[in-house]
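To keep things clear, I will list the structure first and then write my remarks on it.
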Amino acid sequence: AQKITQTQPGMFVQEKEAVTLDCTYDTSDPSYGLFWYKQPSSGEMIFLIYQGSYDQQNATEGRYSLNFQKARKSANLVISASQLGDSAMYFCAMREGVRGGSEKLVFGKGTKLTVNP
Amino acid sequence: EPEVTQTPSHQVTQMGQEVILRCVPISNHLYFYWYRQILGQKVEFLVSFYNNEISEKSEIFDDQFSVERPDGSNFTLKIRSTKLEDSAMYFCASGTSRNNEQFFGPGTRLTVL
């Protein structure tokens, strides 16, 4: 089974509007971390936001917020007020066993976001 | 703002040749990682490194791969005898602790002919 599932291969949004990128995950470990990374066409991987499984509140970083629904095992990324520079691939990733577990990040296949002017 | 750097940005090699990919992690980071991304596919974990030894590796990281931290700043990935299927973007990452975010470098695109 896929650990991280991103069901939207591509998404389009109008500039200045909000967009939600979906991510569901699969783990039996009660302790885990969820990450979102942005990969522009230039290829680098840019860290955006992190959510710990025990965090009580949804993570926010500027225009990025994470809609964390633990019971549904989903960690959707919400980008508010989209900008042309937000056009990129977005990857959801998970690390299992935060306390003493694996260090590796397991990535989803990504969602390509295009922001239209 | 400190960042992870990688050299070269693009490496072309012949099948069977050895390559060394170089990374300079962020200076106060203690945890180091290599990932790869085959074109059009997802990012895959290769290896993690802490306290001068491998702490975790994936099934991809076989005997053809090795990592080293030869001095206080560099972190290298060596592929002993490259295969066509090693063609990918290789990302180095570093972090301050095992639980925090990993900061990625810009990647090295390896092309094996």
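Read-outs: derived from the displayed coordinates by stated rules, not from any lab. Here the structure is a predicted model, which is why all the values come from computation and not from measurement. All Cβ positions, even for glycine, are placed from backbone atoms using ideal geometry, and neighbour counts span all protein chains on display.
Summary of computed values
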read-out	value
Integer Hz, Karplus 6.51/-1.76/1.60 couplings in order for the range B:43-49, x for Gly and Pro	6, 10, 6, 10, 7, 10, 9
FRET efficiency, 1/(1 + (r/R0)^6) with R0 22 Å, evaluated for B:Thr96 and B:Arg22 via beta carbons	0.55
Computed E for B:Asn51/B:Lys78 - FRET, C-beta separation, R0 22 angstrom, nearest 0.05	0.65
Filtered chymotrypsin sites (Phe, Trp or Tyr not before Pro), the range A:1-56: DSSP coil and at most 13 other beta carbons within 10 Å	A:Tyr54
Relative intensity, log₁₀ I(q)/I(0), of the protein assembly as shown from a Debye sum that treats every alpha carbon as a point, q = 0.10, 0.14 Å⁻¹	-0.46, -0.89
Euclidean distance between Cα centres, the range A:56-78 to the range B:14-86, Å	31
Partner chain coverage, peptide B:88-95 - average Cβ within 10 angstrom	2
B:Val112, B:Val43 arranged by Cβ crowding within 10 Å, fewest neighbours leading	B:Val112, B:Val43
GluC sites (Glu not before Pro) within the range B:48-113: DSSP coil, no more than 14 neighbouring Cβ in 10 Å	B:Glu59
Debye intensity ratio in log₁₀ form over the Cα atoms of the range B:5-70, taken at each q of 0.17, 0.25, 0.26, 0.28 Å⁻¹	-0.72, -1.45, -1.49, -1.52
Per-residue mean of C-beta atoms belonging to partner chains within 10 Å, peptide A:37-47	5
Total lysine pairs under 15 Å (Cα atoms) in chain A, excluding pairs fewer than 8 apart on one chain	6
Cβ neighbours within 10 Å from other chains - mean over B:42-51	4
Kirkwood hydrodynamic radius of chain B, Cα pairs, Å	14.0
Viscosity 1.002 mPa s, temperature 20 °C, Stokes-Einstein D of chain A from Kirkwood C-alpha radius, µm²/s	150
